[in-house]
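Worksheet: the structure to be examined is printed underneath.
Values in this text are rule-based calculations from the coordinates and carry no lab data. Remember, predicted model here, so these are calculated numbers, not experimental data. Here the Cβ positions follow ideal geometry from the backbone for every residue, glycine too, while neighbour counts run over all protein chains shown.
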Amino acid sequence: MPIFTRSTGESDKAIIFIHGGLQQSDIWDEQLKDELLQEQFRLIAPDLPGHGRSGRSTAPERDYSIAGMARQLADYINASTLENYVLVGISSGTNLISEALPLLSQPPKGLFFAGAAIGNHDTPWASVLLSSPYEQVLTETPSDAALTAYSKKLVYRPTDQFIAGCKQYYYDTDPVFRTTFGRYMRADGANHIDGLQHSELPLCLVMGQQENVVRLNYLDGVSFKRKWKDTIFKVPAAGHLVNYDQPQIFNHLLWQFAEEVLNK
């Protein structure tokens, strides 16, 4: 299935941005136009399968499961032949990256996770969520009120423009993805935390202090072998989409992280 990609910069050092479910690459606008990031790195932001301007599956049960989405993400990255890159994920994009890691022919040099929604057997996905906005919108035809409530949860101070954009991202998503992905997310058999705990990949974790989708402190007691700066960065005046609420802080952290791990 064709994958639509936005790309800027010419460096052989790359940053690949992976959005969450029901979103699209446009959520990375403030990162893709950041001059410092553009100067130092090639910036790549695909629309995931079934999202935005990418193709839609004719076999949704296979392609829209978490494993299926991760397989397609790995195929996309492997086809790029990149050797020196960082993966940036937000929201459920962090789940897809975690699931795709074993399938990558050339692993990334580091992982940068914002609003991570990863779990394991002791911390199931349902327990990570404060309250599940997905329950009301992972359907083919949700109410406008449900879409508005879902959109408002994603950022610290939602504007009318943001809410309208969020709704458009939703309508640009394959309706079959919404129901199929919803079933797999609710089943929640993934064990992503354990794999990342023992990974040799540097891992930067960023959360908004006003996070309103996942529990802010659920990863605080988890030890990760290569947690960058040995901290979880909690950004003030920011919600789930930290990159949207506080792009300057987010971009500076990302630049520091990428500079360090891609220049070794």
(request) Using amide H atoms built 1.01 Å from N in the peptide plane, name the residues 5+ places from THR173, or on other chains, whose amide H lies under 5 Å from its own. (result) GLY52
(request) Name the long-range amide H neighbours of ARG42: under 5 Å, sequence gap of 5 or more, or other chain; modelled H, no Pro or chain starts. (result) SER11, LYS13, ALA14, ILE15
(request) Would you kindly compute the Cα radius of gyration of the chain and its largest Cα-Cα separation (Dmax), both in Å? (result) 16.8, 50
(message) Can you give me the long-range amide H partners of LYS234? Hydrogens built in the peptide plane at 1.01 Å from N, cutoff under 5 Å, separation of 5 or more residues or another chain.
(response) MET207
(request) Determine the shape class of segment 221-264: with a ≥ b ≥ c the square roots of the Cα gyration tensor eigenvalues, call it rounded for a/c under 1.5, and otherwise prolate if a/b is greater than b/c, oblate otherwise. (result) oblate
(message) I'd like the Karplus ³J(HN,Hα) series for segment 99-107: coefficients 6.51, -1.76, 1.60, θ = phi - 60°, whole numbers in Hz, and an x wherever there's a Gly or Pro.
(response) 6, 7, 3, x, 9, 7, 6, 10, x
(message) I'd like the distance separating the alpha-carbon centroids of segment 196-221 and segment 59-121, in whole Å.
(response) 16
(message) Could you sort the peptides 113-119, 253-259 by per-residue average Cβ neighbour count (10 Å cutoff), highest mean leading?
(response) 113-119, 253-259
(request) Could you size up the charge dipole of the chain around its Cα centre, putting +1 on the beta carbon of Lys and Arg and -1 on that of Asp and Glu, and report it in debye to the nearest 20? (result) 300
(message) Report for the chain the percent antiparallel among DSSP-assigned beta bridges with both residues inside it, nearest 5.
(response) 20
(request) Springs between alpha-carbon atoms under 10 Å, Gaussian network over the chain: tell me which of ASN243, ASN251, ASN212 tops the mean-square fluctuations. (result) ASN251
(request) For segment 14-22, just list the computed ³J(HN,Hα) in residue order, Karplus coefficients 6.51, -1.76 and 1.60, θ = phi - 60°, integers in Hz, with x standing in for Gly and Pro. (result) 10, 10, 10, 9, 10, 7, x, x, 6
(request) Take the alpha carbon gyration tensor of segment 115-264, find the square roots of its eigenvalues, order them as a ≥ b ≥ c, and report rounded if a/c is under 1.5; if not, report prolate when a/b exceeds b/c, else oblate. (result) oblate
